[in-house]
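Bear in mind that the values in this text are calculations on the coordinates, not laboratory data. Keep in mind the model is a prediction, meaning the values are calculated, not measured. FYI the Cβ positions are ideal-geometry reconstructions off the backbone, even for glycines, and counts take in every protein chain you see.
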Amino acid sequence: MATPNFEIFSKVERGPPDAVFGIVDQFNKATAAWKALPPDHPEAGPDHKPISLVVGAYRDENGKPWVLPTVRQIEKEMAESPALDHEYLKITGLPEFLPAAQKLMFGVKDETIASAQVLSGTGALYVGFSFLHKHLGCTTLMIPDPTWPNHPNVAAAAGISVTKYPYYDRKTNSVLFDQMYDAISKAETNTIILMHPCAHNPTGMDLTMDQWEKLASLFQSRAATSPLIPFFDCAYQGYASGDLELDAAAVRHFLALGLPIIVAQSFSKTMGLYGERCGCLHLKCTSKDIATNVTSQLSSFIRATYSNPPGHGARIATALLTDETKYKSWLNDLKTMTDRLKSMRTALREGIEKAQAELPEAPKERKWDHITTQRGMFSFTGLTPQECKYLSEKHHIFLTGNGRVSIAGLNPSNVERVSRAIVDAVIHAPKE
Ligand SMILES: Cc1ncc(COP(=O)(O)O)c(C=O)c1O
């Protein structure tokens, strides 16, 4: 008998680390190394404890994950409910969740919108892109430059290639609206145009309502002869302005014009349900009948990929959205989060400006006012890749290499250290 060969996987090459979770791994390793230091080591103290400003997940003022009190309360009630079981949900999710999620996003429940509960924002993007690829023959996705680094990965997984439109000018820290508009106006027919309706990740800079209206008119004017597909990725409703309605204004404007919008709606950040994978995909159709057809195709795709979505997060979100008292209490929780983020933005800007003024060798021309102009979970600081590397190597402060800081990782105990370290990086990191 020939020698058996069990090495069927030996030709598999190692894949690249994830742009965000790869740095989380580095942070975790640095934390383990710091914890293992002997107490008399010069770097054993709290001033050298690694700090993560990487992941867009809310942390409280002690740097700990925060379960929203309203969510905690609902979970208690669920635990005591004899009616609750662990049966499969429907393929398109918890039926009562879908109209509640529509109401939050669009301000109305609408039977001409095909909706399915999916695996949070990422799952909504994947199911949405796959649907557009299969049923509308879409082959290209246009994303802002820069954007969430996972957009190209999700598009590739759905068989779609990616092009970019200009979005942000690093020199002036502002949105390049004219260039964005121009690039979108030249996009090929049937291109999916991905837009962040609020709290753009990573820049924290959004279009004004006036600019959204101009963009919507462009989609309208192309609809007759060379349509584009408007796709909103809404992961931060409530985080930009602190107001759920205002943050949905762009989406609702496109809807009011009757445009065939698609929305990926995530509940990860707004309800702190990250690991529960709670989200929805919505597609605006022109009739209830067409929406039923679209839903049936979403169902077939979901059944073939992961069968049906998880129940826990959707039950929480439904309770929170459909009970008036719980809804009000959630608004309070949202306010707690957005107020803390705002105060940390201010503290970071002031901390950096103070350190810059105090250190004679700090270049005074570097400006930091954009930190407080930007909104949402992140600040796009303008730090260079070399400065980011310096921060992790010298100060054990971790952020993504594009200079994006998760404001949620800041708190009163670490913001001064981070501010001083940033100025040190500006002075001493190798120049580009
Ligand atoms: C812009 C954007 N879209 C989508 C997502 C996906 O989030 P999730 O899949 O956790 O809902 C994120 C998460 O960071 C994001 O920032």
### Task
Please list the radius of gyration and Dmax for the chain, considering alpha-carbon atoms only, with Å as the unit.
23.0, 78
### Task
Rank these for me by crowding, Met78, Met209, Met1, going from fewest to most other beta carbons within 10 Å.
Met1, Met209, Met78
### Query
If all Cα-Cα distances of the range 1-132 are sorted into 10 Å bins from 0 onward, what percent lands in each bin, rounded to whole numbers?
8, 18, 24, 24, 17, 8, 1
### Sequence-separation-based contact order of the range 193-245, relative, with Cα cut under 8 Å and 6+ spacing, percent
51 percent
### Sorted by Cβ density within 10 Å, fewest first, the residues Glu416, Glu43
Glu43, Glu416
#### Entry: Under DSSP loop assignment and at most 11 Cβ neighbours within 10 Å, longest chymotrypsin sites (Phe, Trp or Tyr not before Pro)-free interval of the chain
89-432
#### Entry: In degrees, nearest ten, helix 385-395 long axis to first principal axis of the chain (Cα)
60 degrees
#### Entry: Helix-only mean residue ellipticity at 222 nm for the chain, each DSSP H run of n ≥ 4 adding -39500 (n - 2.57), per residue, nearest 500
-14000 deg cm²/dmol
### Message
If you average the C-alpha positions of the range 46-65 and of the range 229-289 separately, how far apart do those two centres end up, in angstrom?
### Response
28 Å
### Query
Charges only on Cβ, +1 for Lys and Arg, -1 for Asp and Glu: so what's the dipole of the range 35-98 about the Cα centre, in debye to the nearest 20?
160 debye
### Distance from the range 185-218 to the range 109-125 (C-alpha centre basis), Å
20 Å
### Footprinting exposure proxy for His41, His86, His396 (fewest neighbouring C-beta atoms within 10 Å first)
His86, His41, His396
### Rounded to 5, the percent of DSSP beta bridges in the chain classed as antiparallel
50 percent
### Task
Could you tell me which of His135, Met105, Val55 has its Cα farthest along the dipole of the range 1-146 towards the positive end, charges placed at Cβ (Lys, Arg +1; Asp, Glu -1), taken about the Cα centre?
His135
### Query
Among Ala33, Gly242, Pro4, which residue has its Cα positioned farthest towards the positive end of the charge dipole of the chain, with +1 placed on the Cβ of Lys and Arg, -1 on the Cβ of Asp and Glu, and the dipole taken about the Cα centre?
Pro4
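Rounding to the nearest 20 debye, state how big the charge dipole of the chain is about its Cα centre with +1 on each Lys and Arg Cβ and -1 on each Asp and Glu Cβ. Please list the in-between numbers first.
Details: 44 positive and 46 negative charges, 60 e Å.
Approximately 300 debye in magnitude.
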### Task
Over the range 90-310, calculate the relative contact order: mean separation of alpha carbon pairs under 8 Å at least 6 apart, over the residue count, as a percent.
31 percent
### Message
Counting C-alpha atoms alone, how compact is the range 312-405: give Rg to one decimal and Dmax as a whole number, in angstrom.
### Response
18.5, 57
### Message
Treating only the Cβ of Lys, Arg, Asp and Glu as charged (+1, +1, -1, -1), what charge dipole size does the range 317-388 show about its Cα centre? Round to the nearest 20 debye.
### Response
180 debye
### Summary
Helix 209-223 sits off the longest principal axis of the Cα atoms of the chain, rounded to the nearest 10 on a 0 to 90 degree scale, by 40 degrees
### Task
Give a residue-ordered list of calculated ³J(HN,Hα) values for the range 81-93 (Karplus: 6.51 cos²θ - 1.76 cosθ + 1.60, θ = phi - 60°; whole Hz; x for Gly, Pro).
7, x, 6, 7, 10, 10, 5, 4, 7, 4, 4, 8, x
### Query
What residue among Gln356, Asn173, Pro227 has its Cα farthest toward the positive end of the dipole of the chain, where the charges are +1 on Lys, Arg and -1 on Asp, Glu, each on the Cβ?
Pro227
### Query
Taking square-rooted eigenvalues a ≥ b ≥ c of the alpha carbon gyration tensor, is the range 90-310 rounded, prolate or oblate, where a/c under 1.5 means rounded and, failing that, a/b exceeding b/c means prolate?
rounded
### Task
Determine, from the Cβ-Cβ distance of Phe177 and Glu393 and an R0 of 41 Å, the FRET efficiency 1/(1 + (r/R0)^6), rounded to the nearest 0.05.
0.65
#### Entry: Relative contact order of the chain, defined on C-alpha pairs under 8 angstrom at six or more residues apart (%)
23 percent
### Query
Cα-based Rg of the range 83-136 per 2.2 N^0.38 Å, rounded to two decimals?
1.28
